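Any read-out appearing in this document is the output of simple, stated calculations on the displayed coordinates, not a laboratory observation. Only a predicted model underlies this, so the values are computations on that prediction, with no experimental measurement involved. Cβ atoms come from the backbone with ideal geometry, glycine included; neighbour counts cover every protein chain shown.
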Amino acid sequence: MALQIKADKDYTLQTCLLQVADILFKIRERELLPQNLSATAAEILFLVDAMGDEVTPAKITRMMLREPHSVSGILKRMEKHGLLKRTKNMERKNLIRITLTAKGEKVLSQAMKKEGTIGILSRLSAVQQKQLKVTLTALKEAGRKELHLSPKALLWP
């Protein structure tokens, strides 16, 4: 007999959305395991590469909606593994810039070739993908406003 749970339709939708996010995260973690790279570290490599020269821990923190100390710890571990470099700004000593190392660029290139989550998302038609993007963008914007986040906080994607 199928499990029946009485639940609010909005809560059910939220649970479904979270389950999909968790599934995609687990697939990404599994495919990056041979590289000894976490999905979070791969996301940081991707963000640093995408954001260009002006990357700071604070910008990464805002983009990932994480606590500064969490991002700081991850950045330190990634630097220890030679994936990125944290450099103090000579003009503003309290400002740190993040750049990819050659090893970080190579690992990012390998990580971008993994297609586990892309394979899942490609099961949607082009129209469904476009609808999903529009829907997720609307939810992200509503959430940003609810949390009183600056429009700069979630500029991308």
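Using only alpha carbons, the range 9-113 has a radius of gyration to Kirkwood radius ratio (Rg to Rh) of 1.04. For the chain, modelled as a GNM whose springs connect Cα atoms under 10 angstrom apart, the maximal fluctuation among Gln131, Gln110, Gln14 occurs at Gln14. With R₀ fixed at 22 Å, the C-beta to C-beta distance from Lys103 to Leu147 puts the FRET efficiency at about 0.05. Given the options Pro34, Ile44, Thr87, identify the residue whose Cα lies farthest towards the positive end of the charge dipole of the range 9-113 (+1 on Cβ of Lys, Arg; -1 on Cβ of Asp, Glu). The listed residue farthest towards the positive side: Thr87. Each peptide among 65-71, 118-124 gets the average number of other Cβ atoms lying within 10 Å of its residues, and from highest to lowest they stand as 65-71, 118-124. Exposed loop sites here mean GluC sites (Glu not before Pro) with a DSSP loop assignment and at most 10 other beta-carbon atoms within 10 Å; the chain contains its longest site-free run at 92-157. Students often get this wrong, so check it: of Lys26/Lys133; Lys59/Lys80; Lys106/Lys152; Lys59/Lys140; Lys26/Lys140; Lys88/Lys145, which have C-alpha atoms separated by over 24 Å? Checking Cα-Cα distances, Lys106/Lys152; Lys88/Lys145 exceed 24 Å. If you wrap the range 82-128 in the convex hull of its Cα atoms and look at it from every side, the mean projected area works out to 5.6 nm². Against the chain, whose longest principal axis is taken from its Cα atoms, helix 39-51 shows a tilt of about 60°.
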